[in-house]
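Heads up: the structure comes next, in structure tokens.
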Amino acid sequence: FVDELGTADRLLSIAGGVLLLFLGVAMLSSHVVRPLAVLSSPIGRWAAFAFTVIAWPLFLLPYWLQRYGAFGPGSAAGRVGAFVGGVLLNPFLLPIVLVMWLRRAVTRWEPEWPAEFPGVVPDRVATRTGGENARRNPGRTAATAAALMIGIALVSFIATLANGLKASNREAIEEQIAADYVVSSLDGYTPFVAAAGDALAASPVPEVVTSVRSDAGLVNDVTTEVGGIEPATIADAYVFDWRDGDDSVLATMDKTKAVVSSNYAEDHDISVGDVLTLRSTADRSADVTVAGTFEPPPFYPLIESVNVSTELFDELYDRPRNRWTWANVPGEPSEENRAELEQAISGFPDTQLETREEWIEREDSDINTFISFLYVMLTLAVFVSIFGMINTLVLSVYERTREIGMLRAVGMTRRQVRRMIRQESIITALIGAAVGLPLGIFLAALVNRALSEYDVRFAIPWGQLIVLTIVAIVIGILAAIMPARRAAKLNPLEAIAYE
């Protein structure tokens, strides 16, 4: 960042640095496991409590009832089946049905009643033991969280960078456009026939209609995108940020004048008063004098680098095409004036009419479509980490078979064992999120700095980062299901005697 490197060189340098950064984080993460585990423990406990509250009526209670015979042959559920019609007709029978199911289940209950009845009350002993398990082997916990950390870092990086891109895109358009309506091609980018803009201008509805032409050409023998603007009306729809000159420059534009973007002028050593030679794709040429320079937004400039009047543009090109047509209407946009404007361009099916806000929203959605594809790819990387966590937790259960047997022998219930393993898994997932989220934001800040010449904003998407944290907790809960079930099923005596 200190040296005057180009954007490509900066990004390549960052790519190499990121690999070393991930290596360094992996080497140092074990040293932050203990403090992060202490901070994550209460979050994990209450997150598990919230998950249990949601899952209890949907999964836990029905599974428990089915497991202990509430839905078997001759069960309460079977007897209730005869009264289904009555229940539908009389909702007051529903509590009686539930009592019958519970009574049937209780009569078939085996050991550890009522401790094994599905409940939602937090268990301090189990959660504290799970937190201590996560802290006592920092290397293993850090290795387990590493895969999730990398996945979350990449997702948070894309989310932060995309949020900045959308903010930059919106800001660039809002700074440039003052029009009520925008006419563009269906894909939003391809130039369309100039007659569509003329048809809109012929409508009695709009106060101002101005078109921006665009086509390739040679400017002083250098390939350049050349624009055509209407000097009398362009300032009513487009806001120029003048570097040399002001809006009065537009009044002087005729077939011999041009306005040039400041970055193009700097790159090609052009200043006000210089003469440029334009050659069109129709092999027609004209000499124009630079009347002024303007500062376009680096992120999304809406007019070209070299702009002449539409009168000259139409003489140079055989089939002039518009990149945009902008219109202002009296008062605010309404359904009535929109319908009339759409009717005016109905003969041009390759065009679309949008309000300024609709146009901005569509530009945002185009970015969202691309970003969504990246999210899908990165989400796969995040969920692959589930298998890594399952594998490590299963191995941990094998290693602690004797320990779990001792805990069961001194009174820990199967549910408490499951909660202990689940708490350990959630803490591990939260450690991965606690390291991955700041790392992803930091990477986005680096890339944002590397793209500084394009004026890309840095905007942290707090809502998406909170969702990512919740996803990490859910991953921790899911990863704990299989290891927790195996640990809970261990026979205490056999586990104690395990070699």
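If you scale each eigenvalue of the Cα gyration tensor by 5 and take the root, what three semi-axes come out for the stretch 393-444, rounded to whole angstrom and sorted largest first?
Value: 33, 11, 6 Å, ordered largest first.
First select every other residue whose beta carbon is under 11 angstrom from the beta carbon of N220; then total the charges, Lys and Arg +1, Asp and Glu -1.
-3
Using only the Cα atoms, work out Rg/Rh for the stretch 328-374, with Rh taken as the Kirkwood radius, to two decimals.
1.11
Let me check against my output: what whole-number percent is the relative contact order of the chain, with C-alpha pairs under 8 Å and at least 6 apart?
About 25 percent, as a whole number.
Show me the three semi-axes of the equivalent ellipsoid for the stretch 294-398, from the C-alpha gyration tensor (sqrt of 5 times each eigenvalue), largest first, rounded to whole Å. Mind showing how you got there, number by number?
Numbers: eigenvalues 499, 85, 36 Å².
Ellipsoid half-lengths, sorted descending, are 50, 21, 13 Å.
Apply the Kirkwood formula to the stretch 236-298: the hydrodynamic radius equals the inverse of the mean of 1/r over all pairs of different alpha-carbon atoms; give it in Å with one decimal.
Taking every pair of different Cα atoms in the stretch 236-298, averaging 1/r and inverting gives 12.4 Å.
Go through the stretch 324-330 residue by residue and turn each phi into a ³J(HN,Hα) via Karplus (6.51, -1.76, 1.60, θ = phi - 60°); whole Hz please, and just put x for glycine and proline.
Those phi angles translate into 9, 10, 10, 9, 10, 10, x Hz.
Set the Förster radius R0 to 60 Å, insert the Cβ-Cβ distance between D221 and I460 as r into 1/(1 + (r/R0)^6), and round the FRET efficiency to 0.05.
0.85
Can you tell me the relative contact order of the stretch 241-294? Whole percent, Cα pairs under 8 Å, sequence separation 6 or more. It would help to have the intermediate numbers written out before the result.
Working: 80 pairs, mean separation 27.8, N = 54.
For the stretch 241-294, the relative contact order is 52 percent.
Select from the stretch 412-499 those trypsin sites (Lys or Arg not before Pro) which occupy a DSSP coil region and have at most 13 other Cβ atoms within 10 Å, ordered by residue number.
Details: sites: R414, R415, R418, R419, R422, R449, R457, R485, R486, K489; in loops: R457, K489.
Answer in residue order: K489.
Stretched out fully, how many nm does the piece from F387 to V32 gain, at 0.36 nm a residue minus the Cα gap?
125.5 nm
Which aspartates and glutamates, on any chain, are close to K489 with Cα under 16 Å apart, when same-chain ones fewer than 8 places away are left out?
Within reach: E110, E112, E116, E399, E403.
With a sphere of radius 15 Å drawn around the Cβ of A50, what net charge do the other residues whose Cβ falls strictly inside it have (Lys, Arg +1; Asp, Glu -1)?
Taking every other residue near A50 into account, the sum is +2.
In what order, largest first, do H268, H31 sit by accessible area if the probe radius is 1.4 Å?
H31, H268
Need the full-extension length gain, V272 to A339, defined as separation in residues times 0.36 nm minus the C-alpha distance. One decimal, nm.
Gain in length upon complete extension: 19.8 nm.
Residue by residue, what Karplus-based ³J(HN,Hα) values in Hz, rounded to whole numbers, does the stretch 16-26 have, using 6.51, -1.76 and 1.60 with θ = phi - 60° and x for Gly and Pro?
These are the phi-based 3J(HN,Hα) values: x, x, 5, 4, 5, 5, 4, 4, x, 5, 4 Hz.
R485 to R319: extension gain in nm, 0.36 nm per residue of separation minus the Cα-Cα distance?
Contour length minus the Cα-Cα distance gives 52.5 nm.
If you add up the charges near D247, with Lys and Arg at +1 and Asp and Glu at -1, over every other residue whose beta carbon is less than 15 angstrom from its beta carbon, what do you get?
Counting the neighbours of D247, the net charge comes to -4.
The values are calculated or read from the model by the stated rules, or taken from the named source; none is laboratory data. Not measured: the values here are computed from a predicted model. Every residue, glycine among them, receives a Cβ derived from its backbone with ideal geometry; neighbour counts consider all protein chains shown. What goes into the accessible areas is simple: the full protein's heavy atoms, side chains included, and nothing from ligands, DNA or RNA. Shrake-Rupley method; radii C 1.70, N 1.55, O 1.52, S 1.80 Å.
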